[in-house]
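A short worksheet on the structure shown next.
The values are calculated or read from the model by the stated rules, or taken from the named source; none is laboratory data. Keep in mind that this is a model prediction, so the values were computed, not measured. Cβ atoms come from the backbone with ideal geometry, glycine included; neighbour counts cover every protein chain shown.
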Amino acid sequence: MTAMTPDTPRPSTKPAVRPRPQVMRLTDAAANRVKELTGRADSEILGLRVGIKNGGCAGQSYTVEYAHDVRPTDEVVEDKGVKILIDPKAVLFLLGTEMDYKADKMQAQFVFNNPNQISACGCGESVQLQAAKIDG
């Protein structure tokens, strides 16, 4: 057995840190639309703030609004040159989501391809989400 001197480095007792998963990713169409929206705004906009609110036929709906600042509790996602700020209460419901942008003759909107979605109402305005299951 070797004696430890004050200069001997101690073995680390910290647990291994696993990388945090990216909450959301954007398609090229969504990133281009965010760039377009933030580029033509009258005031400085850092990106879009995405969240979840209660309401609608299925119980929940996505919220998307301009983000003028980063709040201390925001989850910041930077993807394809744009920033998406996620409300901390929505993180577990959005984990693994792909944000897309679709436009056709009748409507244009951000679309969320969310693996945590259980169901959606017939009109498409609201969804039912469950918190993501985290391994480990």
Filter region 66-102 down to the residues that are under 13 Å from the mean Cα position of the chain (by Cα), among the aliphatic types (A, V, I, L, M) and assigned to a strand (DSSP E or B) and list them by number.
Val76, Val77, Val82, Ile84, Leu85, Ile86, Met99
Residue ID - farthest from the chain's Cα centre (by Cα), chosen from residues in region 26-45 that are surrounded by 17 or more Cβ atoms within 10 Å (Cβ to Cβ) and outside any helix (DSSP H, G or I)
Ile45
List pairs: first residue in region 60-82 and touching a residue at least 60 places away in the same chain (Cβ under 8 Å), second residue outside any loop (DSSP other than H, G, I, E, B) and surrounded by 12 or more Cβ atoms within 10 Å (Cβ to Cβ) anywhere in the structure, Cβ distance under 6 angstrom, at least six positions apart or on different chains.
Gln60/Ile52; Gln60/Val127; Gln60/Leu129; Ser61/Lys53; Tyr62/Phe112
Would you check which residues across region 46-65 are assigned to a loop (DSSP other than H, G, I, E, B) and touching a Lys or Arg at 6+ places or on another chain (Cβ under 7 Å) and list them?
Leu46
May I ask you to verify whether Leu92 is under 16 Å from Gln22 (Cβ atoms) and at pLDDT 90 or above?
no
Looking at Pro9, is it part of a loop (DSSP other than H, G, I, E, B), under 19 Å from the mean Cα position of the chain (by Cα), more than 20 Å from Gln109 (Cα to Cα) and modelled with pLDDT under 65?
no
